[in-house]
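All remarks here apply to the structure that follows.
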Amino acid sequence: MAARGSAVIIGGTSGIGKHLAGVLAARGEEVVVTGRDKARADAAAREIGGATRGLAVDLANPAEIAGRLADVGAVSRLVIAAIERDENSVRNYDLARAMRLVTLKLVGYAEVVHVLAPRFTSDASVVLFGGLAKERPYPGSTTVTTVNGGVNNMVKTLAIELAPVRVNAIHPGIVGDSPAWAGKPPEVLQRVVARTPLGRLVTMEEVAGSALFLLDNGGMNGVNLHIDGGWLLT
């Protein structure tokens, strides 16, 4: 029988990451949630309940990641959902913001995997979060589109390098009840709904369910999974 390890959710203090952490805790798993702020991570862990604890990890400071994760033991599930919103066009380029996001999502993601790889159980699996800006750019998505395209290909090399550990990615479209989108003006979201064959936006519960599928299904490896209600078809 495979050794039992914890589920680590990097970026688990809010939004989809926190929702997924709650689902994993509810099914009896030991969960570690991280955010940039220790107090917020601890508060999220208390809200999630069960055997959940919080850690402070800032992926934009990759040299600190190993130390921040030093007391994490065996890991059976790793989800890296951390993201920062960035609107950065090439005509009006904010170099500092671009460098932070590129470091966070490409170097930071890879460094977390590097640090935790020796602790993966024999049945461990990894899910990275990208986004559909990689397929459908929009004004101001220069950095976001670039880094999500990087995640798309990071999955492929990690699945080879970490074999037999499975590595997949999920790329959500607009998630209607997520904190990032729930407060948007209704007309903004309705334009997307009108172009979505499903007739509505996907939910955090559906995105979390897709992530669980990738974590648990032993046949899924090296996959970039879109969850968008068919939005990309239009």
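The values are calculated or read from the model by the stated rules, or taken from the named source; none is laboratory data. Since the model is a prediction, treat every value here as computed from it, not as a measurement. Please note: Cβ atoms are built from the backbone with ideal geometry, for glycine as well, and neighbour counts cover all protein chains shown.
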Item checked: Matching residues, segment 120-136, being hydroxyl-bearing (Ser, Thr, Tyr) and in contact with a strand residue (DSSP E or B) (Cβ under 6 Å, 6 or more places away or on another chain) -> THR121, SER125
Next item on the list: Give LEU189, LEU128, LEU162 a once-over and let me know the one that is over 19 Å from LEU212 (Cβ atoms), touching a residue at least 40 places away in the same chain (Cβ under 8 Å) and among the aliphatic types (A, V, I, L, M).
Entry: LEU162
Margin query: Which count do you get for residues in segment 7-32 that are touching a Leu at 6+ places or on another chain (Cβ under 9 Å), surrounded by 22 or more Cβ atoms within 10 Å (Cβ to Cβ) and more than 15 Å from PRO172 (Cβ to Cβ)?
Written below: 8
Item checked: Odd one out for PRO137, checked against (1) touching a helix residue (DSSP H, G or I) at 6+ places or on another chain (Cβ under 6 Å); (2) touching a residue at least 24 places away in the same chain (Cβ under 8 Å) -> (2)
Check: In this structure, is ALA211 under 13 Å from the mean Cα position of the chain (by Cα) and touching a residue at least 12 places away in the same chain (Cβ under 8 Å)?
Finding: yes
Margin query: I'm trying to understand the selection: among the residues of segment 68-104, which are of a type in the set (Gly, Ala, Ser), closer than 18 Å to SER6 by Cα and surrounded by fewer than 18 Cβ atoms within 10 Å (Cβ to Cβ)?
Written below: ALA70, GLY73, ALA74
Item checked: Pair list, Cβ < 7 Å and 6+ apart or interchain, from segment 68-96 residues that are without any contact (Cβ under 8 Å) to a residue 24 or more places away in the chain to residues that are surrounded by 15 or more Cβ atoms within 10 Å (Cβ to Cβ) and assigned to a strand (DSSP E or B) -> ASP94/ASN88
Notebook entry, point to check: Taking segment 111-127 only, how many residues are assigned to a helix (DSSP H, G or I) and in contact with a helix residue (DSSP H, G or I) (Cβ under 7 Å, 6 or more places away or on another chain)?
Noted result: 4
Next item on the list: Would you point out the residue of segment 158-180, among those that are at pLDDT below 95 and surrounded by fewer than 17 Cβ atoms within 10 Å (Cβ to Cβ), that is farthest from HIS114 (Cα to Cα)?
Entry: ASP177
Checklist line | Within segment 51-85, considering residues that are over 17 Å from PHE120 (Cα atoms) and acidic (Asp, Glu), the one farthest from the chain's Cα centre (by Cα) | finding: GLU64
Next item on the list: State which residue is nearest to the chain's Cα centre (by Cα) when the search covers only segment 99-135 and only residues that are of a type in the set (D, E, K, R) and farther than 15 Å from ALA60 by Cα.
Entry: LYS134
Notebook entry, point to check: From VAL151, VAL144, VAL192, VAL155, which residue is buried (at least 18 other Cβ atoms within 10 Å of the Cβ), within 16 Å of the chain's Cα centre (by Cα) and farther than 21 Å from SER89 by Cα?
Noted result: VAL155
